[in-house]
Amino acid sequence: MTAHLASPTGAPFFHYQAGQLQAEGVSLAELGQELGTPLYVYSRGALAAALASYQEACVGHNVLVCFGMKANSNLAVLKEFARLGSGFDIVSGGELARVLAAGADPAKVVFSGVGKQAWEMQAALKVGVKCFNVESLPEITRLSEVAVALGKIASVSLRVNPDVDAKTHPYISTGLKENKFGIAIEEAPHAYTLAASLPGLSVVGVDCHIGSQITEVSPYLDALDKLLKLIDQLKTAGITLKHLDLGGGLGIRYDDETPLAPKVLLDKVFAQLQARGYGHLQLVLEPGRSLVGNAGVLLTTVQYLKHTEARNFAIVDAAMNDLMRPALYEAWHGVLPVAPRATESTLYDVVGPVCESADWLARARQLALAEGDLLAIESAGAYGFVMAGNYNSRPRPAEIMVDGDQFHVIRQRETFADLIRGESCLPD
């Protein structure tokens, strides 16, 4: 039995020792016993190693790495990335508030998203974010109005939809014509002309984000080629840019994927920028999943083993409300026993207690199990807790950060009182 939750450098942040699964130097069995399950557990070392893989690939180049915090917005995670020099890619006013609460520099924040409201624009302008990644003509107009009313200048980078197939799940592909994101590349010159003509706006960059869980170089290079042709057009029209934002989307290993190392991609990107005469542009990156995905697991306890004629079910205490990805995307997550048994294994579906047939975490896994066993759902550091909810009135799990042989509770488990806070009954 092998845990593959390691950093790009191969450091064993999750590994077996003396027959027990560990996170760095902490026993997951002891964490589960002391703090209960379901329980999200992150490795501080894995976070640092993942960010370092980008930073090392960018040495000698003008690059701003902005963590796509929609993947994991816990304050401790944000604080760690800010400490290590990361910027942040945000998509809401709430995420801006989290970034500020974590002590991050707003000048290293890019504000993305298709539906920014006026109050969100105002909040971002007041603290001085690096730029807005604008996604439509109406947004350009509204941002100009908001900026003028505040007496501010909004730096804008237009998110261009290059119509490139990221070759990933359709729900996380964002660069095709039929997707809601960005401005069609054919319409981009007009949009730039509009933005450059409006008061309160300063055009500073171009942005694209073609999808997530990408494991090939070619989609990025296809998108980059289209962006550089657009920059050529803009230059002819007298519009010069300061940065190019290539988005994020690098994949991680869930099953048998071969992730694309940042250096492999970026060496080709830098070479293309230099060859086309744009080596002076700052490159902005927005990695999310690749920084946190393999830095976390979801611990869960087997409640019942149910054997039927058609299937065998391992019913656990984690559910689709805790980890939505399998129900939403039919996503694969590895399942590791925290203390493997030397008994004969059985083919199980790992399912939760929520009253939906979509409530499953893993299907057809060969496992040797008994009631009360702890399981670790792998690769749960991205789009895990942030997508969790309270369906079936289930409190959300606690979150833990492991640091060497120490651990810290970075979010308390919700209580029933938390669930009903703010609710009230009608008067008698």
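State whether one or more residues within region 132-146 are modelled with pLDDT under 95, out of contact with any Pro (no Cβ under 9 Å at 6 or more places or on another chain) and among the aromatic types (Phe, Trp, Tyr).
No, the conditions are met nowhere in region 132-146.
From the list 378, 356, 371, which one is among the charged types (D, E, K, R), within 18 Å of residue 256 (Cα to Cα) and modelled with pLDDT of 95 or more? Break it down stepwise before answering.
Values: 356 fails: within 18 Å of residue 256 (Cα to Cα); 371 fails: within 18 Å of residue 256 (Cα to Cα).
Among 378, 356, 371, only 378 is among the charged types (D, E, K, R), within 18 Å of residue 256 (Cα to Cα) and modelled with pLDDT of 95 or more.
Only residues that are in contact with a strand residue (DSSP E or B) (Cβ under 9 Å, 6 or more places away or on another chain), assigned to a loop (DSSP other than H, G, I, E, B) and surrounded by 17 or more Cβ atoms within 10 Å (Cβ to Cβ): list them for region 253-270, please. Show your work before the answer.
Here is the first cut: in region 253-270, the residues in contact with a strand residue (DSSP E or B) (Cβ under 9 Å, 6 or more places away or on another chain) are 259-262, 265-266, 269-270.
Filter again for assigned to a loop (DSSP other than H, G, I, E, B), leaving 259-261.
Selection gives 259, 260.
Got a number for residues in region 38-59 being outside the structural domain of residue 319 (by TED's automatic domain parsing), part of a loop (DSSP other than H, G, I, E, B) and either over 26 Å from residue 283 (Cα atoms) or in contact (Cβ under 8 Å) with a residue 40 or more places away in the chain (or both)?
Residues meeting the conditions: 1.
I'd like the full set of residues that are within 30 Å of residue 279 (Cβ to Cβ) and either in a helix (DSSP H, G or I) or over 13 Å from the mean Cα position of the chain (by Cα) (or both), limited to region 60-70. Walk me through it before giving the result.
So in region 60-70, the residues within 30 Å of residue 279 (Cβ to Cβ) come out as 60-69.
Passing the criteria: 60, 61, 62, 63, 64, 65, 69.
With respect to the numbered conditions (1) in contact with a Lys or Arg (Cβ under 9 Å, 6 or more places away or on another chain); (2) outside any loop (DSSP other than H, G, I, E, B), which one is the sole condition not fulfilled by residue 274?
(1)
Condition (residue is assigned to a helix (DSSP H, G or I) and in contact with a helix residue (DSSP H, G or I) (Cβ under 7 Å, 6 or more places away or on another chain)) applied to region 353-370: is it met by at least one residue? Give the derivation first.
Applying the first criterion (assigned to a helix (DSSP H, G or I)) to region 353-370 yields none.
For region 353-370, residues assigned to a helix (DSSP H, G or I) and in contact with a helix residue (DSSP H, G or I) (Cβ under 7 Å, 6 or more places away or on another chain): absent.
Taking into account only those residues within region 230-269 that are on the phi > 0 side of the Ramachandran plot and in contact with a His (Cβ under 8 Å, 6 or more places away or on another chain), which is modelled with the lowest pLDDT?
First, the residues of region 230-269 that are on the phi > 0 side of the Ramachandran plot: 238, 247, 249.
After this cut, where a residue has to be in contact with a His (Cβ under 8 Å, 6 or more places away or on another chain) as well, the list is 247, 249.
Numbers: 247: 94, 249: 91.
My answer is 249.
Can you tell me how many residues in region 196-243 are part of a strand (DSSP E or B), buried (at least 16 other Cβ atoms within 10 Å of the Cβ) and not β-branched (Val, Ile, Thr)?
First pass over region 196-243, keeping only residues part of a strand (DSSP E or B): 201-207, 211, 214, 243.
Checking the rest, the ones that are also buried (at least 16 other Cβ atoms within 10 Å of the Cβ) come to 201, 203-207, 211, 214, 243.
Keeping just the survivors that are not β-branched (Val, Ile, Thr) gives 201, 205, 207, 211, 243.
Final tally of qualifying residues: 5.
The values are calculated or read from the model by the stated rules, or taken from the named source; none is laboratory data. Since we're looking at a predicted model, the values are computed, not measured. Heads up, the Cβs are rebuilt from the backbone with ideal geometry, glycines too, and the neighbour counts pull from every protein chain shown.
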